[in-house]
Amino acid sequence: MTKKSGRKQMTVSVCYGTCCVLNGAREVKQALEASLGRHRVPGRVKVTGGRCNAYCNLGPVVTVEPGGTVYGKVTAGDVEEIVKKHLVGGKVVKRLTIGEKPGLDSLPSLSDIGFFKDQVLIAMRNRGRIDPDSIDDYIANEGYLALPKALTEMKPEDIIDEVKKAGLRGRGGGGFPTGIKWGICRKSPGPDGKYVICNADEGDPGAFMDRSLLESDPHSVLEGMTIGARAIGADVGYIYVREEYPLALERVTKAIEVAHEYGLLGENILGTGFNFEINVVRGAGAFVCGEETALMASIEGEQGRPRPRPPFPAESGLWGKPTNVNNVETWANVAPIILRGGDWYASLGTEKSKGTKVFSLVGKIKNTGLIEVPMGTTLRQIIYDIGGGVLKDREFKAVQSGGPSGGCIPTSLIDLPVDYEELSKAGSIMGSGGLIVMDEDTCMVDVAHYFVAFLEEESCGKCTPCREGIRRMREILGRIVKGEGRRGDIDLLESLAVTIKEASLCGLGATAPNPVLTTLKYFRDEYEAHIYKKRCPAKVCKALIVYRVVADKCTGCQRCVKACPVGALAGARAQPHNLDQAKCIKCGACYEVCKFDAIAGDAIYVE
């Protein structure tokens with residue numbers, strides 16, 4: 001039973017992640033402060049902003065402690081009810097709670113919510129628990145406990161051995177063993193200094209893991225980088241963040257300033273004689289700068305283009321000095337490994353893929369947001385147990401993993417364990433961790449065309465296989481979705497894909513054909529339907545669809561007439577309407593607004 005709060009201190013946290021801010025989180029916080037002032041209880045209730053729970057499609061999210069009550073899609077207009085009923089009266093506002101509706105007098109908690117209960121948090125260990133602008137919050141939750149251990153109780157080689165023992169692999173896409181990478185960099189001669197870099201140039205469509213980690217827990221990255229610098233022998237670090245992530249830039253910059261004030265960065269850290277500085281570099285948003293050698297070129301002030309390897313960055317990187325590059329999530333895992341030990345971390349995951357992985361779960365899925373699960377968790381568990389299933393309970397068709405260079409995995413592989421090895425066997429990649437869910441109404445040829453067009457746009461153009469090969473693939477796919485596919489196109493796509501994979505200079509080019517190869521492997525029938533029958537089975541490709549009015553279902557409501565942007569529909573009220581095919585631009589607006597199934601989108605069929 002819920003008791004009234006009395007004089008007990010309460011905390012109301014408003015998520016200040018990007019998704020929540022865009023949906024009005026700041027206005028909600030302002031309304032809370034104003035309402036609490038009117039009710040004369042501000043001394044008993046502390047309002048904070050910033051504690052992101054990563055449940056993005058339900059933002060703004062508001063959490064009330066003690067009790068762990070979580071409210072979703074809160075507006076400024078809901079605030080007065082929350083204050084009067086919950087913060088003053090001690091009763092939950094049931095209509096705003098996330099997850100299963102609680103009993104009459106009970107308060108729901110995160111453990112009751114399907115999206116949260118199966119997750120295991122390491123990189124996101126402080127999710128919803130701390131204010132990212134408060135170093136004291138971070139310290140109160142075991143923050144900066146691993147750093148003094150690494151600086152005073154461990155030799156650099158001990159730190160590297162612990163990371164090796166953990167089996168941590170780079171979470172930026174390559175999956176190279178982190179401890180081995182650190183060991184190579186440590187052994188590389190660097191009398192003039194070495195560097196560590198945090199790659200936060202996250203540019204995959206639908207991916208926002210690194211951005212969110214920097215926004216919600218910047219000190220976890222700083223602590224990990226400082227430990228890594230000690231292990232490698234570096235005294236300078238860089239965090240490379242793309243310019244269009246203003247909130248991440250703001251928070252990590254502030255975190256660096258405060259860490260200096262606390263003696264956790266700069267000269268003679270914690271009195272140990274170890275010196276380490278971190279600088280923030282703003283990237284211009286070039287997708288190719290996610291590749292580590294292109295990123296280093298950008299930091300040096302050059303055009304962001306990949307460099308041939310060897311030499312590898314661990315031997316000769318930034319300004320020719322030994323350099324270690326890891327992404328945000330990798331650095332966020334370091335402090336817990338040092339604090340709890342490599343064996344603890346290695347107890348999670350699979351034989352070759354240890355620990356947990358953060359994914360952005362987006363697309364045709366009920367629960368969108370960031371999730372963290374042990375390696376080896378199946379796609380079924382992710383999509384249905386955590387994600388809540390496909391939107392509108394439609395049939396699951398495929399999921400793309402690993403960003404635009406990833407592959408599309410079909411429903412027949414829904415029980416696939418998600419780890420580096422199993423994804424590779426399926427023709428996909430882990431990438432940085434994007435998962436885009438697709439339903440039965442998705443055209444897989446159109447999906448391949450979209451991602452190849454993206455990759456063509458983002459190619460740096462340095463090497464011919466990537467520059468010309470991707471453009472040719474995009475041209476062929478463009479013809480196919482327009483109903484102009486030719487015999488031999490499938491063979492040509494496969495031949496191009498092999499050449500691009502084998503001959504491209506960097507990993508981005510080498511993985512670019514994955515969307516084409518996997519859709520051809522698992523959905524070849526859709527390509528054949530587009531090419532030989534001039535038919536789009538999913539009824540997505542506009543050139544292969546004809547819209548028509550089903551006269552016996554049309555009520556003459558005129559919703560379609562009003563929705564049509566080109567005046568292709570006409571008819572008197574209460575009478576079946578007519579559709580002028582010569583005017584129709586196949587936008588689908590009429591199909592979307594019709595409530596009576598009186599607009600049919602028929603696939604063109606050619607024998």
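The residues listed here are VAL79, VAL74, VAL41; of these, the one that is of a type outside the set (Gly, Ala, Ser), touching a Leu at 6+ places or on another chain (Cβ under 8 Å) and modelled with pLDDT under 80 is VAL41.
Against the conditions (1) in contact with a Leu (Cβ under 7 Å, 6 or more places away or on another chain); (2) farther than 23 Å from ASP158 by Cβ; (3) assigned to a helix (DSSP H, G or I), THR253 satisfies every one except (1).
The set of residues in the stretch 160-183 that are aliphatic (A, V, I, L, M) and surrounded by fewer than 18 Cβ atoms within 10 Å (Cβ to Cβ) contains only ILE180. Taken over the stretch 501-528, residues that are at pLDDT 95 or above and of a type in the set (A, V, I, L, M, F, W, C) amount to 4.
Close contacts from the stretch 485-508, counting a first residue that is of a type in the set (S, T, N, Q) and a second that is outside any helix (DSSP H, G or I), with Cβ to Cβ under 8 Å and a gap of 6+ residues or different chains, come to SER504/CYS463; SER504/ALA512. Is it the case that some residue within the stretch 356-371 is surrounded by fewer than 22 Cβ atoms within 10 Å (Cβ to Cβ) and closer than 27 Å to GLY179 by Cα? There is no residue in the stretch 356-371 that is surrounded by fewer than 22 Cβ atoms within 10 Å (Cβ to Cβ) and closer than 27 Å to GLY179 by Cα. For the stretch 115-219, the helices (runs of 4 or more DSSP H) that sit wholly inside it and include 2 or more residues that are farther than 17 Å from ALA255 by Cβ are 146-152, 156-166, 178-187. Checking each residue in the stretch 170-204 for being closer than 21 Å to SER432 by Cβ and either over 18 Å from the mean Cα position of the chain (by Cα) or free of Cβ contacts under 8 Å to residues at least 40 places away in the same chain (or both) picks out PHE176, PRO177, THR178, GLY179, ILE180, LYS181, TRP182, VAL196, ILE197. All of (1) more than 22 Å from GLY461 (Cα to Cα); (2) small (Gly, Ala, Ser); (3) surrounded by fewer than 15 Cβ atoms within 10 Å (Cβ to Cβ); (4) at pLDDT below 95 hold for ALA248 with one exception: (3). Please enumerate the residues belonging to the stretch 259-302 that are in contact with a helix residue (DSSP H, G or I) (Cβ under 7 Å, 6 or more places away or on another chain) and without any contact (Cβ under 8 Å) to a residue 40 or more places away in the chain. Selection gives GLY263, GLY266, GLU300. Per the conditions (1) of a type outside the set (D, E, K, R); (2) in a helix (DSSP H, G or I); (3) buried (at least 20 other Cβ atoms within 10 Å of the Cβ); (4) in contact (Cβ under 8 Å) with a residue 40 or more places away in the chain, the sole criterion not satisfied by ALA543 is (3).
Matching residues to (1) surrounded by 15 or more Cβ atoms within 10 Å (Cβ to Cβ); (2) among the polar types (S, T, N, Q); (3) within 20 Å of ILE227 (Cβ to Cβ):
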site: LYS254; (1), (2), (3): no, no, no
site: VAL258; (1), (2), (3): yes, no, yes
site: GLY263; (1), (2), (3): no, no, yes
site: ILE269; (1), (2), (3): yes, no, yes
site: THR272; (1), (2), (3): no, yes, yes
site: ILE278; (1), (2), (3): yes, no, yes
site: GLY285; (1), (2), (3): no, no, no
site: GLY290; (1), (2), (3): yes, no, no
site: PRO306; (1), (2), (3): yes, no, no
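Looking only at the stretch 450-464, count how many residues are of a type in the set (Gly, Ala, Ser) and assigned to a helix (DSSP H, G or I). Summing the residues that are of a type in the set (Gly, Ala, Ser) and assigned to a helix (DSSP H, G or I) in the stretch 450-464 gives 1.
Of the residues making up the stretch 312-344, those that are part of a loop (DSSP other than H, G, I, E, B) and either without any contact (Cβ under 8 Å) to a residue 12 or more places away in the chain or more than 18 Å from GLY507 (Cα to Cα) (or both) are GLU315, SER316, LYS321, PRO322, GLY341.
The values are calculated or read from the model by the stated rules, or taken from the named source; none is laboratory data. Every value quoted in this text rests on a predicted model; they were computed, and no experiment measured them. Neighbour counts run over all protein chains shown; Cβ positions are idealised from the backbone, glycine included.
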